[in-house]
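FYI, it's all coordinate maths here, none of it is from the lab. Just so it is clear, the structure is predicted and the values come from calculations on it, not from any experiment. Neighbour counts are summed over all protein chains in view; Cβ atoms, including those assigned to glycine, are modelled from backbone coordinates with ideal geometry.
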Amino acid sequence: MLHLHAATGRSQARPRILDIPSEINDETFYPFLHPRDVWSLSVVCMGLRVVVATSDNYWSKVRNKVLSKRTASSVPFYDWSLKEGAQSRVAQSWATLKLVLSSSQISSLLPPVSLDRVLAVEKKCCLEFPLEVIISLVEHHSGQAIDRIQGTQLTGEHFMVPLEQLAVVLQTQLDRGLKQTYLPMFVDSSFQKCICVDCSTKEGRVIGWSPLYEAQWGDTWSSFLLPR
């Protein structure tokens, strides 16, 4: 705040900067803005903050009820931003991936499932799924039907594990030495190699794993889904 006041040289800039919500107030950023732009941004952000804090017909109906622990914060704007960002990234990744998938690959994808069902499987796995993974399962696809269609793996030799089989596949791989925090989202046809999400990280980085090797395949679930 003092940096901005000194940079602008206008006494009226100080009370206006106070109107900017604390969660987006970066003192190292605003000195580079004209006071007029700072004021406009503060008005927009305050409006968003009020809408999010008072809304009971969007996040509270679906996501806040169940996903609030993923983004626990006393600042509604912060929670809202995290959830909106995750939803947007996952949607964009799936849309981009489908542009390069064959019709048989797309038809092998299982439909999304209810949030309650995802949480029930999460409980069986004794893990807390990353936010992007939950949104992916609830809003896009819950795995891949491998019994009905053969040879339609999504990535190389791997297919996406159906939600209902996640707990079983996880236990099988734990017996082979898989780390406790890794959730196998993809396996090869012989169940020897996995592509896992590391549930110990907030971002849910993606790891290629077998008893013989381990390598990072993506920083987040949404980044991994993007075709290379």
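Output the pairs from 123/202; 83/179; 98/202; 98/124 with a Cα-Cα distance over 23 Å in this structure; if there are none, say none. Present the calculation step by step, with values, prior to reporting the outcome.
On the way: 123/202 18 Å; 83/179 27 Å; 98/202 26 Å; 98/124 30 Å.
Violating the 23 Å limit, Cα to Cα: 83/179; 98/202; 98/124.
Over the residues of region 66-225, compute the C-alpha Rg and express it relative to 2.2 N^0.38 Å. Before the final figure, lay out each step's value.
On the way: Rg = 15.2 Å, N = 160, 2.2 N^0.38 = 15.1 Å.
Cα-based Rg divided by the globular estimate yields 1.00.
As a length-normalised measure over Cα pairs under 8 Å and 6 or more apart, the relative contact order of region 66-225 settles at 19 percent.
Between residue 124 and residue 100, full extension at 0.36 nm per residue minus the direct alpha carbon distance yields a gain of 5.3 nm.
Residues 40, 102, 136, ranked from the fewest to the most other C-beta atoms within 10 Å, line up as 102, 40, 136.
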